[in-house]
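The values are calculated or read from the model by the stated rules, or taken from the named source; none is laboratory data. Treat the numbers as computed from the prediction; the structure is a model and nothing was measured. Cβ placement follows ideal geometry from the backbone for every residue including glycine, while neighbour counts extend to all protein chains displayed.
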Amino acid sequence: MSGFEGSYLGKTAAISDAAVMECKICWTAYDPAAGDPHRQVLPGTPFSALPEDWSCPTCDAPAEQFLVLADPGATGLAEDAAKEAAVAALVADFTEVYHAKMRDVPLVNKALHVEAVGFRAHGDGWLGVLLSPWFMNLVLLPGPAQDWSTLTPGAKQTLAFPSGDYEFLHNVRETVGGYKACSLFSPMDQFASQMKAVEVARAVMAALFDPAHRDDTDRAADIRVAREDEIAAAEAAALAAEGASPTLSAAPTRRAVISGGMAGGEV
């Protein structure tokens, strides 16, 4: 069956659950909020979830030939698609780094692989955890309206969260573009499995937005200030290119507070 531009044609990924559809033959509308009482379709049923044999209640045109009349959820779909594309590019880039440069380096944990965990909207960008066989970092990616291609690799920026303020390093990679990263773990030898590493990454994301951690991170920041100059900018820039973390002093940091105790010997 041939369609025309703008017809539904069964492309469920192109519409949200809130989409109001319209028959191109008789202009009968299907509103998911109302459902279809004539076909015993309950209110709240998305157009994409209609029975396979459902057709227009007025003229029997098949569902595939309906048009989008209005889609309040379309903006959210576009944002989700942009996020997924950005995160997929990040994972693909560091997977390539692993195979091309890091696979035979002794510090890597070969029980792990590159994975993005918990990415969510944060400001105008997306924040989540990137874990790999050699590091686990908080990563902030730019949104579609942002251009971070001019960031200076190794430059530092403090970002505020409900649990406290955290230091991120800027970086730019050819495939991913600009992004900002905060080191959590490196190396990753304390993790016995991918599942345990993912569990810790999810716990970090929860702790990051928990104001109950603020007192602890404030105390850690006071200690950290005295050690800040020990991290050389040149070292940070060089290591950031491969996603590794600069060598930190033994003083506790804000990121150590939100990740501390999560990767003990039982992990």
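Computed values, structure above
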| item | result |
| --- | --- |
| Only listed residue being free of Cβ contacts under 8 Å to residues at least 60 places away in the same chain, over 27 Å from K110 (Cα atoms) and in the same structural domain as A89 (by TED's automatic domain parsing), chosen from D147, D165 | D147 |
| Selection count where residues are in contact (Cβ under 8 Å) with a residue 60 or more places away in the chain and either surrounded by 19 or more Cβ atoms within 10 Å (Cβ to Cβ) or under 16 Å from V198 (Cα atoms) (or both), scope segment 103-114 | 4 |
